[in-house]
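**Q** One structure, pasted below without further comment.
The values are calculated or read from the model by the stated rules, or taken from the named source; none is laboratory data. No experiment lies behind these values; they were computed from the predicted model shown. Note that we place each Cβ from the backbone using ideal geometry, even for glycine, and neighbour counts take in every protein chain shown. Heads up: the accessible areas ignore ligands, DNA and RNA and are worked out on the full protein's heavy atoms, side chains in. Shrake-Rupley method; radii C 1.70, N 1.55, O 1.52, S 1.80 Å.
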Amino acid sequence: MLLSPAMKTINTYKYYEIYRVVKPENKYILRQKLINYAICHGIKAAMRAFSCSRNTVRKWLRRYKESNKDISSLADRSRRPHNSPNKTARHIELKVIELKKRTGFGAERLKEEFDISCSVGAIKRIFRQNGLVRERRRKHERKRLLANIKRQWALFGQISYDTKHLYDIPFYWAQMKRLGLPSHQYTAREVVSGLSFVGYADELSKTYSCILADQVCKHLQAHGLEMKGIDWQIDNGSEFREKVNDLGVPSVVSAFGCSYHYIPPKAYRWQSDVETVHRLEEDEFFDRETFLSREEFFKKVTIYWLYFNIARRNRNKEHKTPLQIIKERMPHLPESIALFPPLDLSAFLCKHYTIHRRGHDLPVHPYT
């Protein structure tokens, strides 16, 4: 083989320095220069010129000649051993595959539960080789799949009920203290359409949660909805929990024929629908609106919730507004179902229920 002028130039770099930085598929170019130099000038000269060992030159020269001067012989060969005495037996691999498909367990739990004889690393290797490693879904993918499932639910099949503390919003807090604005929000949201019913109060109280639930049920009943098909999902907070001789939201909604259930302890994602609303209104309303009085607060918050229920499109609900979804799924319902105004629960309590003053304001429960 004749050398090109470039190949006749003696390398100024050591063989192993170049070997480390060049891409694996291009290493044969360096080896080609090495063996060409060795053919023309001898092994010792190639060894000195490329600053490598004599055995390196001999190895590549031997491979090149044994392959009848085939340049592909200078590519890397697999270093995989010809036999592996510690290789996992085939029947164990089949057992691991079958158990993984049946249980969905990870490698460590699978070994612990079924006492598999191979190591955890071997089990993981079997998973990878057989395509049994499932990638974790990203948050936006889980939300999209969950939204598609909820879209198939019956309209007004579930109402999620939760509360929001307003005193931890920095921009709103100073105005709240100066003007005596509400410090808590009570939110009931219909899951499929996103229609929201809210009330505001100056404290966290079971009485206020009962009043909003009562008014929402009356509102829905007045618009012709079948109350027996509505299920209320309730948080585990003290403002919702019932005790002996201490009625609460479950008794209120049950009086209208609705069913209810509490979310499991620490199941924070169960209330994601209503928690999403709380985050949105904080970004869009409480973090940017200023007020001159309590009356102005309720005027502005009323406009915001009318916009939210009637005009604001939801990206997770096919860019439709709550009212649009309701009109598509239940055309017979009047549009006024979305005109529920935010309630001033503190004023509503004083106006509609008798207050007995015995050291504290003790309202007479409306359902006893």
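**Q** List, in the order given, every pair from LYS177/LYS266; LYS320/LYS351; LYS228/LYS317; LYS164/LYS317 whose Cα-Cα distance in the structure shown is over 30 Å.
**A** Table pairs above 30 Å Cα-Cα are LYS177/LYS266; LYS320/LYS351.
**Q** Normalised by the residues of the chain, what does the relative contact order come to in percent, with Cα pairs under 8 Å and at least six apart?
**A** Dividing the mean separation by the residue count of the chain yields 13 percent.
**Q** Who wins for biggest fluctuation among ILE337, ILE123, ILE169 in a Gaussian network model of the chain, springs between alpha carbons below 10 Å?
**A** Among ILE337, ILE123, ILE169, the largest GNM mean-square fluctuation belongs to ILE123.
**Q** Quick check: pseudo-label points 7 Å beyond the Cα along Cα→Cβ at ILE263 and ARG80, how many nm apart are they?
**A** Roughly 5.0 nm, to one decimal.
**Q** Now, a different point. Would you check the accessible area of LYS14, probe 1.4 Å, heavy atoms only, in square angstrom rounded to 10?
**A** Counting only protein heavy atoms, LYS14 exposes about 110 Å² to solvent.
**Q** Further, regarding this structure: Could you identify which residue out of PRO170, PRO81, PRO341 has the top mean-square fluctuation in a GNM of the chain using Cα springs shorter than 10 Å?
**A** PRO81
**Q** Related question: Counting only protein heavy atoms, what percent of the accessible surface of the chain is carbon or sulfur at a 1.4 Å probe?
**A** Using a 1.4 Å probe with all protein chains present, the chain comes out at 51 percent carbon and sulfur.
**Q** Mind giving me the nanometre distance, one decimal, between the label points for ILE303 and GLU203, set 7 Å out from Cα along Cα→Cβ?
**A** 3.3
**Q** Here's a follow-up. Which order do ARG80, ARG312, ARG329 take when ranked by solvent-accessible area (1.4 Å probe, heavy atoms of all protein chains), largest first?
**A** From most exposed to least exposed: ARG80, ARG329, ARG312.
**Q** Follow-up. Given that just one value was derived from the coordinates, which of [x] 36.6, 112; [y] 23.5, 78; [z] 22.9, 67 is Rg and Dmax of the Cα atoms in Å?
**A** Answer by label: [x].
**Q** Same structure, new question: Round to the nearest 10 and give me the degree value, 0 to 90, for the angle of helix 54-66's Cα axis relative to the longest principal axis of the chain.
**A** Tilt relative to the chain: about 90 degrees.
**Q** Could I ask something else about it? So what's the back-of-envelope 222 nm ellipticity for the chain, counting only DSSP H runs of four-plus at -39500 (n - 2.57) apiece and dividing by all residues, rounded to 500?
**A** Helix contribution divided over all residues of the chain: -13500 deg cm²/dmol.
**Q** Give me the distance in nm between label points sitting 7 Å out from Cα along the Cα-to-Cβ direction at ASN236 and LEU339, one decimal.
**A** Taking the two extended label points, one gets 4.1 nm.
**Q** Same structure, new question: Enter the angle in degrees (range 0 to 90, nearest 10) between the Cα long axis of helix 139-150 and the first principal axis of the Cα atoms of the chain, meaning the one along which they spread out most.
**A** Here the helix axis deviates by roughly 50 degrees.
**Q** Pull up the cross-link candidates among the lysines for LYS124, meaning alpha carbon to alpha carbon under 16 Å and not fewer than 8 places away within one chain.
**A** The qualifying lysines are LYS87, LYS95, LYS100, LYS101, LYS111.
**Q** Same structure, new question: Taking every DSSP beta bridge with both residues inside the chain, roughly what % is antiparallel (nearest 5)? Walk me through the intermediate numbers first.
**A** Details: 18 of 28 bridges.
Restricted to the chain, the bridges split so that about 65 percent are antiparallel.
**Q** Tell me, what is the per residue accessible area of the chain in Å², probe radius 1.4 Å?
**A** Averaged over the residues of the chain, the accessible area is 60 Å².
**Q** Something else: At a Cα cut-off below 20 Å, give the lysines reachable from LYS14, other chains included and same-chain residues fewer than 8 away excluded.
**A** LYS23, LYS27, LYS33, LYS44, LYS59
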